[in-house]
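**Student:** Below is one structure. I have some questions about it.
None of the figures in this text is laboratory data; all of them are computed from the coordinates on show. Quick caveat: nothing in here was measured; it's all calculated off a predicted structure. Counting neighbours? That spans all protein chains shown, and the Cβs are built from the backbone with ideal geometry, glycine included.
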Amino acid sequence: MKRTLIAAVAGVCLLAGGCGLPLPGGAPSGPGYRVTAEFEDVLDLVPQAAVKVNDVTVGSVEQISLSGWTARVRLRVDDKVSLPGNAVAAIRQSSLLGEKYVALEAPATESPRGRLADGSVVPLSRTRRSAEVEEVLAALGMLLNGGGLAQLKTINEELATALQGREPAARDALQQLDTFVGGLDAQKADIVRALDALDRLTDALSRQRAVIGTALASLAPGLTVLEDQRRQLTASLTALGDLGKVGTQVIAASRDDTLASLKALQPLLDQLVKAGAALPKSLDFLLSFPFPPNVSGAIVGDYVNLGATADLDATTILSNLLVNTAPPAAQTQTQKPASGSQSKPGGSGGATSGNAGSGSSSQKPPVDVPGVIGVLPLSCLPIGGLLPPGWVPPKGCELPKDCKLLAPGAKAPPGSLLPPGGVVPPGTVFPPGTLLPPGTALTPACLLPPATGATNGQQGGLGDVLGGGLLP
């Protein structure tokens, strides 16, 4: 009774299209998608053969057709199976004498991309087949029947003969080769970087091929000239070498004399360094000696123009007569004035100055100081003539700005004048011979500018001089 029921159920299932039983080849039934794989050779693959993924049957072969010299195998794969779009296909054998099947798997040499879907095609570049048993046995038979074993034996014997007695050298060579390969492997990144740089260089050279060709073509005339003058160039280089030898001999022979000459020149050079700017100035003055360099502007024909400024102020003349105006033997200063000072000659006849030259007079009394050439009149001084530190002139008599009398021991600015013995020498805004307390210093503003000797180029008689007509 049970056997009859089972047979009836099986018949009904077969009439109804199957009850989920596997199709021929072991492929499961149910919904799926179709994929076409191209092979160069499908061997003895037949329709309804299994399609496997990781040795699990996931579909079957529906159709095998021929397109030119390429076999096209249409595969039906279960919908539940997900494969990348760049999957590979291979025809394999279940056992040594088993049936053929198609194996699908993800690529091993590249990253998976996309997804295998209905209508996808696996091209020839991603399909392969396994070797047949007949092919393996035929290759083995060829090898065993004189296909190369005898040659391998000869190679082995010759290699043993060559290395016999040289094992340490061969071992050392292998060790050095291992070290060399290890060094290359350690510098793999640098080698790759160098190759990339070389590739960029060759690419740049390739883009500038026309420019390089033009440059090489332009070198041809120059190379031709060098070729024509090769003998002259060789002779000149040889002569230069001989000259170098002679020069070396001369220098070596005269070395002691040269050093002695240089040592003898050292004192002279030291004196020239000490002379500084005085040497060129003296050379300039030597060309017009005994006149100053600017005398050429005053020379007209066979005579020289000379201008003089006479101070005929009665007060100054009287002060020169009453006060001892003899200048001291030397002036003692706290510091040498930056611009230098030059005393004006004093006497009963007044002060005169003038050198032959060109241009207008550069000696002018300060605008804020009344009187002639900047010297205070005698009437501005106290009756006793002694000027104490901090002395302020009376109304109508003004001193230059910043001109002060510094008390003895006070800090004096650079360029101040310390009159020796408290007697004011010529060259200041105070009349020569003015008495100061010993140690009293005059600030730089109290010093008159030095006389330059320049003339204004004006001409006139004694009346013009007395009337001031020749003053600037």
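**Student:** Taking +1 at the Cβ of each Lys and Arg and -1 at the Cβ of each Asp and Glu, which of V53, I64, N86 sits farthest along the dipole of region 41-91 towards its positive end, judged by Cα position relative to the Cα centre?
**Tutor:** N86
**Student:** Ranking K52, K281, K274 by Cβ neighbours within 10 Å, fewest first, what do you get?
**Tutor:** With the sparsest Cβ surroundings first, the list reads K274, K281, K52.
**Student:** In a shell of Cβ-Cβ distance under 15 Å around T440, excluding T440 itself, what net charge do Lys and Arg (+1) and Asp and Glu (-1) give? Walk me through the intermediate numbers first.
**Tutor:** Details: positive: K404, K411; negative: none.
Here the charged neighbours net out to +2.
**Student:** Moving on. Counting Lys and Arg as +1 and Asp and Glu as -1, what is the net charge of the other residues whose Cβ lies under 13 Å from the Cβ of I191?
**Tutor:** Numbers: positive: K188, R193; negative: D185, D190, D196, D199.
Net charge around I191: -2.
**Student:** Please compute the Kirkwood hydrodynamic radius of region 25-134 from all pairs of different C-alpha atoms, in Å with one decimal.
**Tutor:** The answer is 13.9 Å.
**Student:** All other residues with a Cβ under 12 Å from the Cβ of T179 taken together, and with Lys, Arg as +1 and Asp, Glu as -1, what is their net charge? Can you show the working numbers first?
**Tutor:** Details: positive: none; negative: D172, D178, D185.
Taking every other residue near T179 into account, the sum is -3.
**Student:** Going highest first, how would you order 236-242, 124-130 by mean Cβ packing within 10 Å?
**Tutor:** Numbers: 236-242: 10.1, 124-130: 14.4.
In decreasing order of mean packing, 236-242, 124-130 become 124-130, 236-242.
**Student:** Quick one: compute a quarter of the convex hull surface over the Cα atoms of region 68-218 and quote it in nm².
**Tutor:** Values: hull surface 84.0 nm².
Convex hull of Cα atoms, orientation-averaged projection: 21.0 nm².
**Student:** Could you give the distance between the Cα centres of region 239-272 and region 154-187, to the whole Å?
**Tutor:** Value for the Cα centre distance between the two parts: 63 Å.
**Student:** Please compute the contact order of region 76-222 in relative form: average sequence separation of alpha-carbon pairs under 8 Å and at least six residues apart, divided by the residue count, as a percent. Intermediate values should be presented prior to the final figure.
**Tutor:** Values: 82 pairs, mean separation 24.4, N = 147.
Relative contact order for region 76-222 comes out at 17 percent.
**Student:** If R₀ is 51 angstrom, what is the calculated FRET efficiency for the pair A410 and L287, using the beta carbon separation as r and rounding to 0.05?
**Tutor:** Working: r = 47 Å, r/R0 = 0.92.
For R0 = 51 Å, the calculated efficiency reads 0.60.
**Student:** To make sure I understand, if each residue's beta carbon is the centre and we count other beta carbons within 10 Å, what order do S254, S111 fall in, fewest to most?
**Tutor:** On the way: S254 12, S111 8.
Fewest-to-most ranking of S254, S111: S111, S254.
**Student:** Quickly rank 203-216, 398-411 as a protection proxy: mean count of other C-beta atoms within 10 Å, highest first. All intermediate terms of the calculation are to be shown ahead of the outcome.
**Tutor:** On the way: 203-216: 9.9, 398-411: 14.9.
The most tightly packed comes first, giving 398-411, 203-216.
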